[in-house]
Every structure is written in structure tokens, then in C-alpha cells.
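A quick write-up on the structure given underneath.
The values are calculated or read from the model by the stated rules, or taken from the named source; none is laboratory data. This is a predicted model, so every value here is computed, not measured. Cβ placement follows ideal geometry from the backbone for every residue including glycine, while neighbour counts extend to all protein chains displayed.
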Amino acid sequence: MIRHLVGDVPYYGFEVFDQHPQVLNAVFTRLGSHRAARWGLNVGHTVGDTPEAVEENHRLIYQTLAVEGSQVVTARQVHGNQVALVDRRNCDSVVPDSDALITAEPGVALMLRFADCLPIFLYDPCAPAVGLGHAGWQGTAAEIASRMVSAMIETFGTDPTKLIAALGPAVGPCCYEVGAEVVEAVGPTLSERPKAILARGNGHHAVDLWEANRQQLAAYGVTQIEVGRICTACHADEFFSHRAEGGQTGRFAALIAIQETV
């Protein structure tokens, strides 16, 4: 991943998209808002921050990327596997109960919110089309990465071997110890379970969300996958982390769009 700085606002982009400048892609942090780190650049409306501050943070993010709020589509995330097809008619709105968005319309920016869950970016250069997904353990168990690829195949005629994927900052296996119910839920989705569910010496296990979702993408034939292994819990000074902060934290933004050509 590549760290950018626009004014005082940092964000990360993916090297895999470097040869595709028409793909706007960004993962923001909690930094850059000139507010106390407690909330920082929070874009979550339901975490206890003030509505005015959250809206100001959205404006700052849009300004940083040179997009208009009227171009943005977001979703009410519910830790499921619903994939919503959106276009310009959905701009400046919240899609109900969805954890992934896909579009083939230039100028439509997809945005989701994160605090340990995994951002999944997809780009089909042939359609062209993009997708953005949100995967915690529940979304991973429900195979949201697979559902995104399947939806793009069905909707855009995507060839998975041509897809370009990127997996962003998330809680890493170093910090993501889970119980048996999570192992039992995620395990059946994996082709190489030992690589994604790691045994701990205390009889517990840890889940590697990057590897679990990489396997789902690879099972569809996706080979171009950048994995941004930045653990949000290890770097809670830079990212919001539900686990590291005991559930009392904000949400950072991730966005993708196909930019309109002039």
C-alpha cells in the first residue's frame, strides 16, 4: 500500500491500481481532522460522535479526493453478504442492509465504513466496473468476497481472471483470537483452512481475514490480489479498532470509483 498526504489528511492507496489511474481508491485513517484522536476522522453516524462533526469529516474526505458528496453511495452495513448494484440514481443515498456495492457507472463513488473489518476492493478493467465490500468474520463466513465476484460476473460479464483485487487494513491474526463458533462458521468457506485459521498454544484460534478472503477470491480464479497487511488493532493510533478499543471507537472510510474522463 502507498501512503498519501493531501494537506494534513493521510490516506492509503493500493499499488495494484497504480497502472489504472482511472480507478480512484482510498483507505482513510482516524487522522487528519484536527480533532482529538478519540473521534478524529470518524465517519460513523451511530458510534456516539456528533452528527455535525461526522458530516464535516465526510466533507473533508470528499475534498481530499476531489469528489462531490452528491457522487457518493454508501450502505447500512449489517455484517451480511448482500451485494447491491448501484448507479447514479443511488448517489447521495444510503443503500439499506448491504455490505457490498458494485457499479459500472463512471463518477459514482462507493464508500463504506470500517473499524477492524476488512475492506475488499474489486476492479474489472474490461467492463469497466468496481466493487467495495465489508467483511468481518460473519461476512467472511457468508462468503461475501465470493458473492461480490459472482455478482460482477452476472451483472457485468466479468472474467474473474481479469479482475484486480485489493484487501485493505483490518484486524490481523496477531490480534484476532476467536472462539469455536467463529472457527466453525468460517472454516467451511476455506480451501486451505490451516493458512487462515491459526491454532494458538492455549487451545484457541485466530482468524486471518486477509487470507480467508484471498482464498475465496482465488477460488473464483482471481489472481491479481494485493493484500495490505496493516493490522488496525496493532495500529489503533492510526486506525479505529473495535477490538483494541473495547468497542468504543469510530469508523474510518474506504472509497473506490471509476473516474469520469473529460
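Being in contact (Cβ under 8 Å) with a residue 24 or more places away in the chain and either part of a strand (DSSP E or B) or charged (D, E, K, R) (or both) is the filter here, so list the residues in the range 160-190 that pass it.
Across the range 160-190, the qualifying residues are K162, I164, A165, A166, L167, A170, E177, V178.
One residue is enough: does the range 196-209 have a residue meeting the conditions surrounded by fewer than 20 Cβ atoms within 10 Å (Cβ to Cβ) and assigned to a helix (DSSP H, G or I)?
For the range 196-209, residues surrounded by fewer than 20 Cβ atoms within 10 Å (Cβ to Cβ) and assigned to a helix (DSSP H, G or I): absent.
Give just the number: which of (1) of a type in the set (D, E, K, R); (2) surrounded by fewer than 19 Cβ atoms within 10 Å (Cβ to Cβ); (3) more than 14 Å from M111 (Cα to Cα) does E68 not satisfy?
Unmet condition: (3).
Applying the selection to the range 102-124, what residues are aliphatic (A, V, I, L, M) and under 19 Å from E211 (Cα atoms)? Working first, answer last.
Kept after step one, since they are aliphatic (A, V, I, L, M), are these residues of the range 102-124: 102, 104, 108-112, 115, 118, 120, 122.
Within the range 102-124, A115, L118, I120, L122 meet the criteria.
Of all residues in the range 114-125, which are in contact with a Gly (Cβ under 9 Å, 6 or more places away or on another chain) and within 14 Å of V222 (Cα to Cα)?
Just the residues of the range 114-125 that are in contact with a Gly (Cβ under 9 Å, 6 or more places away or on another chain), to begin with: 114-124.
Within the range 114-125, I120, F121, L122, Y123, D124 meet the criteria.
Could you please find all residues in the range 136-159 being in a loop (DSSP other than H, G, I, E, B) and charged (D, E, K, R)? Give the steps one after another, and end with the answer.
The first filter runs over the range 136-159 and keeps only residues in a loop (DSSP other than H, G, I, E, B), leaving 136, 142-143, 157-159.
Matches in the range 136-159: E143, D159.
Considering only residues of the range 1-37 that are in a loop (DSSP other than H, G, I, E, B) and of a type in the set (A, V, I, L, M), which is modelled with the lowest pLDDT?
Within the range 1-37, the first condition is being in a loop (DSSP other than H, G, I, E, B), and the residues that meet it are 1, 7-8, 14, 18-22, 29-37.
Still in the list and also of a type in the set (A, V, I, L, M): 1, 31, 36-37.
Working: M1: 96, L31: 96, A36: 75, A37: 72.
My answer is A37.
Would it be correct to say that V47 is of a type outside the set (D, E, K, R), under 19 Å from G136 (Cα atoms), exposed (fewer than 15 other Cβ atoms within 10 Å of the Cβ) and within 19 Å of the chain's Cα centre (by Cα)? Walk me through how you get there before you give the answer.
On the way: of a type outside the set (D, E, K, R): yes; under 19 Å from G136 (Cα atoms): yes; exposed (fewer than 15 other Cβ atoms within 10 Å of the Cβ): no; within 19 Å of the chain's Cα centre (by Cα): yes.
So V47 does not fit the description; no.
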